[in-house]
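**Student:** Shown below is the structure under consideration.
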Amino acid sequence: MRLRTQTAYAFLTPYLLVFLAFWIWPIANSFWLSFLNTRSANWTFNPRVTWGRLLVDPAFANALWNTLIILVIQVPIMIALATVLATLLNSSMLKARGLFRFAFFAPVVVGEVAYAAVFRLMFNHEFGIINKMLAVASVPAIPWLSSPNAAMAVIIIAVTWRWAGYNAIIILAGLQSIPEDVYEAATLDGVSKTRQFFFITLPLLRPVIVLCVVISVIGTMQLFSEPFLITNRGGPGQATETLGLFLYRQAFGAFNFGYASAIAYTIAALAIVISLINLWLGRERE
Amino acid sequence: MAGISLKKVVKRFGVYEIIHGADLEVADGEFVVFVGPSGCGKSTLLRMIAGLETISDGTVSIGGRIVNDIEPADRGVAMVFQSYALYPHMTVEQNLSFGLRMTGHDKADVARRVKRSADTLRISELLKRKPRQLSGGQRQRVAIGRAIMREPQLFLFDEPLSNLDAELRVQMRVELARLHKELGVTMIYVTHDQTEAMTLADRIVVLNAGNIEQIGAPLDLYDDPANRFVAGFVGSPKMNFMAGRIVETNNGAAIVELVNHRGARLRKPAVDAPAVGSDVVIGVRPEHFFNAGEGDCDITIKADVAEHLGSVSYVYANAGREELIIEREASRQRANGDHLTVALRADRSLLFDKTGARVR
C-alpha cells in the first residue's frame with residue numbers, strides 16, 4: 001500500500017473503529033438476534049418465535065395497521081399542505097418572508113416533550129382549547145384522547161403540525177430553482193396562474209416532492225414520540241400504537257430483544273419498499 | 001403585423017429611474033435592434049413592450065393601440081428569451097403547443113401550427129425530444145418556434161444568441177434574418193453584441209444609461225455617430241479617440257492640436273467649433289489611418305503588438321496614455337516597438353467636444 005494511502009487510513013481509523021462498534025456491529029448483531037429466542041435463559045436459535053410470530057401476532061398487525069393508516073392519511077395531507085405553504089412563502093407579494101419561514105420551521109426545533117405536553121393540553125376533553133373552540137361553534141366536545149379514532153386524528157394533526165413547515169422549506173427551495181422566465185413565457189402565452197401552477201410548477205417540483213414523501217415515509221414508519229407522549233403510550237388501549245412504539249414495548253418492556261430485532265428489520269424493510277415504490281412512481285418518464 | 005410607438009416611456013424601480021423618457025417609432029415589418037452595454041436598460045425597455053414590466057410613465061402603443069394596461073398575452077407579442085425558457089418537462093411538441101392548448105385553441109389548428117412552425121425552424125425531427133436532449137442551437141430554434149406558434153404581430157428577442165458559441169451564433173443570425181424576410185413581421189431584438197446589431201437591423205437604437213443615444217440605420221450610425229458613446233460602441237475594433245485642443249478657429253474650421261502626438265495639427269471643418277483652448281477629442285476608425293503623407297496630418301507611433309488576421313493586420317500602439325488600434329494591409333511582420341508613421345484625414349475623422357457631443 002502506498003504511504004499516502006496508509007496515512008489516510010491511519011487518520012480514518014479512529015472514526016472507522018467507532019463506526020464499526022456503534023453502527024456495523026449493532027446492525028449485524030441485531031440481525032443475528034432476530035433469529036434467537038431471547039426469552040429463554042440461554043438464547044437459542046429459534047426464528048419461529050421471532051419472524052414466525054410476526055405473521056400471527058395480532059398486536060403486531062394492529063401496530064402495522066395503525067402505522068399504515070397514519071402513513072396513508074398524514075403524508076399526503078402534509079405534503080399537500082407543505083406545497084401550498086411553500087407557494088405562499090414564495091409569493092412576491094409576501095412581506096416579512098424570513099419571519100414566516102422561521103415560524104414554519106420552528107416546530108422542528110421545539111423539544112418533543114414540550115410540544116407533546118402542549119398538544120395534550122390543547123386536546124384535553126374538559127378544558128382544552130380545541131373543545132372550547134368547538135363549543136363556540138356549537139359542536140359537542142370530542143373525547144380526543146380517549147376515543148380511538150379521535151386519538152388517531154390527534155396524532156395525525158400533531159405530526160402534520162410538526163413537519164409540514166419543514167417540508168415546505170424543502171419544497172420552497174425547489175420552487176426557487178424554477179427559473180422565472182419559464183413563467184414569463186407562459187404568461188405571454190396567456191396561460192393563467194392556476195394552470196401555470198398545475199402544468200408547470202407541480203411537474204417541475206416532482207423530484208422535490210418525491211424526496212419529501214420518501215423522507216416522510218421513513219419518518220412515519222419510525223413514528224414513536226407522538227403516540228408515546230401525546231396519546232400516552234399508544235392509547236387508548238393500543239389504538240395509536242405504532243410499529244416504533246410496539247418495538248420499544250417488546251424490547252424495553254418485555255425485554256424480548258429477538259422479537260424486537262425482527263420488528264426493527266421489518267420496519268426498515270417496509271420503509272425501503274414503500275420508498276422505492278414512491279421513487280418508481282415519481283420517476284421521470286421518457 | 002403592427003408598428004410600435006413609445007412616447008416618453010419611463011421606468012422606475014422604487015426611487016431609481018432606469019429609463020428616462022424613451023421615444024421611438026417602429027414601422028410595421030421593421031427589424032429594430034436595441035443595443036447598448038449591460039445595464040443600459042435595453043432589456044427593461046423590451047420587457048415593458050412585452051408587458052412583463054409595468055410602465056411608470058409615458059405610453060407604449062402596438063398597432064396604434066395603447067397597451068399600458070393590457071395583459072401581456074393580449075398584446076399580440078411573442079418573446080424569445082436569452083435562456084430559451086423552454087418548459088423542461090415537456091417535449092418539443094408540447095412546448096410548441098402548450099400556450100395554445102391551455103387557451104382552448106382548436107386541436108386541428110394547433111397541430112397545423114406545430115407542423116408549420118417545426119417546418120419553418122427545421123425541428124420536425126426533434127418534436128418528441130425533451131429540451132435537455134437538445135443542443136443549444138436546437139433549443140433556441142424551439143424557443144423561436146414557440147414564438148411563431150402564436151402568430152404574433154410583434155416578435156421580441158432578448159439576447160437570444162448570447163448563450164451560443166460563435167459559429168452557431170453566426171448561423172442563427174442568418175436564420176433570423178431569413179425568418180424576418182419570410183414572416184415580414186415587426187421584430188425588436190435586444191443585444192449587447194454590435195455585430196449582431198449591424199448585421200440584423202433595419203435600424204439600430206443605441207441605449208446608454210437609460211437614454212436613447214441615437215436611432216438610425218446601421219451604416220448611418222457607423223459613418224455619422226451623434227456622439228462619442230455611439231462612435232465608440234458601434235464598430236469593431238473600436239474607434240480610436242485622441243485627445244486634442246483647439247488652437248485656432250477660422251473660416252468655419254478648427255485647427256486641432258493632437259496633444260499626445262508632438263503637436264501634430266489637423267484642420268477640421270466645423271461650423272460651431274468650441275473656443276480656442278478647449279479640450280476636444282478626435283475620433284478615427286482603425287481603417288481610416290492612411291500611409292504617411294497621403295492625408296492631412298502625419299503622426300508617428302510606436303507599434304507594440306501586431307495581430308495578423310490574414311485579410312488585414314491590426315497594429316496596437318501606445319501614444320502618451322492613448323491606446324491606438326490601426327488597421328494596415330495584411331502582413332506577417334512582427335511589431336517590435338518599431339516606429340510607424342501614418343496619416344489622418346480630416347474627412348475621415350470626427351470631432352467631439354469635451355462632453356462627448358459631435359462637432360460638425
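**Student:** Which whole-number percent is the relative contact order of chain A (Cα, under 8 Å, 6+ apart)?
**Tutor:** 27 percent
**Student:** In square angstrom and rounded to 100, what buried accessible area do you get between chains B and A, total over both, with the probe at 1.4 Å?
**Tutor:** That pair of chains buries around 1800 Å² in total.
**Student:** Another question, if that's okay. What are the ³J(HN,Hα) couplings of the stretch B:239-252, residue after residue, when phi is run through the Karplus curve with 6.51, -1.76, 1.60 and θ = phi - 60°? Round to Hz, x for glycine and proline.
**Tutor:** In residue order, the calculated couplings are 5, 8, 10, 10, 5, x, 9, 6, 10, 6, 10, 7, 6, x Hz.
**Student:** Greater than 28 Å separation of Cα atoms is the criterion. Which listed pairs, B:238/B:302; B:238/B:354; A:95/B:7, meet it?
**Tutor:** A:95/B:7
**Student:** When averaged across all projection directions, what area in nm² does the alpha-carbon convex hull of the stretch A:71-180 cover?
**Tutor:** Dividing the Cα hull surface by four gives the mean projection, 8.6 nm².
**Student:** From the square roots a ≥ b ≥ c of the eigenvalues of the alpha-carbon gyration tensor of chain A, which class results: rounded (a/c under 1.5), prolate (a/b over b/c), or oblate?
**Tutor:** Taking the square roots of the gyration eigenvalues as a ≥ b ≥ c, chain A is oblate.
**Student:** Something else: Return the carbon/sulfur percentage of the accessible area of chain A, one whole number, probe 1.4 Å, all protein chains in place.
**Tutor:** The value for chain A is 72 percent carbon and sulfur by accessible area.
**Student:** Sticking with this one: For every helix of n ≥ 4 consecutive DSSP H residues, a contribution of -39,500 (n - 2.57) applies; sum these over chain B, divide by its total residues, and give [θ] at 222 nm rounded to the nearest 500 deg cm²/dmol.
**Tutor:** -7000 deg cm²/dmol
**Student:** Right, here's the next one. What order, most packed first, do the peptides B:161-169, B:12-20 have when packing is the mean number of other Cβ atoms within 10 Å of each residue?
**Tutor:** In descending order of packing, they fall as B:161-169, B:12-20.
**Student:** Using modelled backbone amide H atoms (1.01 Å from N, in-plane), which distant-in-sequence or interchain residues come within less than 5 Å of residue A:234's amide H?
**Tutor:** A:228
**Student:** Moving to a separate point now. Can you give me the C-alpha center-to-center distance between the stretch A:177-245 and the stretch B:132-152, rounded to a whole angstrom?
**Tutor:** Their Cα centres are 34 Å away from one another.
**Student:** What does the convex hull of the Cα atoms come to per residue for chain B, in Å³?
**Tutor:** Output value, Cα hull per residue: 168 Å³.
**Student:** Then there's this: Grab the DSSP H runs of chain A that are 4 residues or longer, score each as -39,500 (n - 2.57), total them, divide by all residues and round the 222 nm result to the nearest 500 deg cm²/dmol.
**Tutor:** Mean residue ellipticity at 222 nm (helix-derived): -22000 deg cm²/dmol.
**Student:** Where does helix B:107-121 land angle-wise versus the long Cα axis of chain B, in degrees 0 to 90, nearest 10?
**Tutor:** For B:107-121 against chain B, the angle is about 30 degrees.
**Student:** Output ³J(HN,Hα) for the stretch A:147-152: one whole-Hz value per residue in order, computed from phi by the Karplus curve 6.51 cos²θ - 1.76 cosθ + 1.60 with θ = phi - 60°, and x for Gly and Pro.
**Tutor:** After applying 6.51 cos²θ - 1.76 cosθ + 1.60, I find 9, x, 5, 5, 4, 4 Hz.
**Student:** Let me ask something else. Using a 10 angstrom cutoff on alpha carbons, build the Gaussian network for chain A and name the most mobile of A:160, A:13, A:242.
**Tutor:** So, out of A:160, A:13, A:242, the one fluctuating most is A:13.
**Student:** Relative contact order, percent, of chain B when contacts are C-alpha pairs under 8 Å separated by at least 6 residues?
**Tutor:** 15 percent
**Student:** Still on this model: Mind running the shape call on the protein assembly as shown? Use the C-alpha gyration tensor, a ≥ b ≥ c as the square roots of the eigenvalues: rounded below 1.5 for a/c, prolate if a/b tops b/c, oblate otherwise.
**Tutor:** prolate
**Student:** Could you sort B:261-270, A:15-24, B:147-156 so that the peptide with the highest average Cβ count within 10 Å comes first and the rest follow in order?
**Tutor:** Top to bottom by mean Cβ count within 10 Å: B:147-156, B:261-270, A:15-24.
**Student:** Using the heavy atoms of the protein chains alone and a 1.4 angstrom probe, what is the accessible area of chain B per residue in square angstrom?
**Tutor:** Each residue of chain B exposes 45 Å² on average to a 1.4 Å probe.
**Student:** A further question follows. Check the straight Cα-Cα distances from residue B:181 and name the lysines below 23 Å, setting aside those fewer than 8 residues away within the same chain.
**Tutor:** Cα-Cα hits under 23 Å: B:115.
**Student:** Could you work out the mean count of beta carbons from other protein chains within 10 Å of each residue's beta carbon in B:79-90?
**Tutor:** Per residue, the number of nearby Cβ atoms from other chains is 5 on average.
**Student:** In addition: What aspartates and glutamates does residue B:130 reach when the alpha-carbon gap must be under 13 Å and sequence neighbours fewer than 8 apart in one chain are set aside?
**Tutor:** A:284, A:286, B:93
**Student:** Further question: Between rounded, prolate and oblate, where does the stretch A:226-270 land on the alpha carbon gyration tensor, with a ≥ b ≥ c its root eigenvalues, rounded for a/c under 1.5, else prolate if a/b exceeds b/c?
**Tutor:** Judged from the Cα gyration tensor, the stretch A:226-270 comes out oblate (a/c at least 1.5, b/c at or above a/b).
**Student:** Which residue fluctuates the most in chain A, going by a Gaussian network model with Cα springs under 10 Å, if the choices are A:14, A:47, A:179?
**Tutor:** Of A:14, A:47, A:179, the most mobile in the Gaussian network model is A:14.
**Student:** What does the average come to when, for each residue of peptide A:193-204, you count the partner chain Cβ atoms lying within 10 Å of its Cβ?
**Tutor:** That average works out to 2.
**Student:** Please give the peptides B:27-36, B:328-337, A:118-127 ranked by average Cβ packing (other Cβ atoms within 10 Å per residue), highest first, as a rough proxy for protection.
**Tutor:** The most tightly packed comes first, giving B:27-36, A:118-127, B:328-337.
**Student:** If I compute solvent accessible area with a 1.4 Å probe over the protein chains, what percent of it on the stretch B:155-243 is carbon and sulfur?
**Tutor:** Of all accessible area on the stretch B:155-243, carbon and sulfur atoms account for 50 percent.
**Student:** Okay, moving on. Excluding residues fewer than 8 places away in the same chain, name every one of the lysines whose C-alpha is closer than 16 Å to that of residue B:8.
**Tutor:** Filter leaves B:42.
**Student:** Once you average over the residues of A:175-184, how many Cβ atoms of partner chains fall within 10 Å of each Cβ?
**Tutor:** Whole-number average of other-chain Cβ neighbours for A:175-184 is 4.
**Student:** Related question: How large is the charge dipole for the protein assembly as shown, taken about the Cα centre, if only the Cβ atoms of Lys, Arg (+1) and Asp, Glu (-1) carry charge, to the nearest 20 debye?
**Tutor:** I would put it at about 2260 debye.
**Student:** For a quick check: with amide H placed at 1.01 Å from N, whose amide H comes under 5 Å from residue B:190's, ignoring anything fewer than 5 positions away on the same chain?
**Tutor:** Under 5 Å from the amide H of residue B:190: B:34, B:157, B:158, B:159.
**Student:** Can you tell me the relative contact order of the stretch A:133-273? Whole percent, Cα pairs under 8 Å, sequence separation 6 or more.
**Tutor:** 25 percent
The values are calculated or read from the model by the stated rules, or taken from the named source; none is laboratory data. Nothing here was measured: the structure is a model prediction, and the numbers come from that model. Every residue, glycine among them, receives a Cβ derived from its backbone with ideal geometry; neighbour counts consider all protein chains shown. Please note that ligands, DNA and RNA were not included when accessible areas were found on the heavy atoms of the full protein model with its side chains. Shrake-Rupley method; radii C 1.70, N 1.55, O 1.52, S 1.80 Å.
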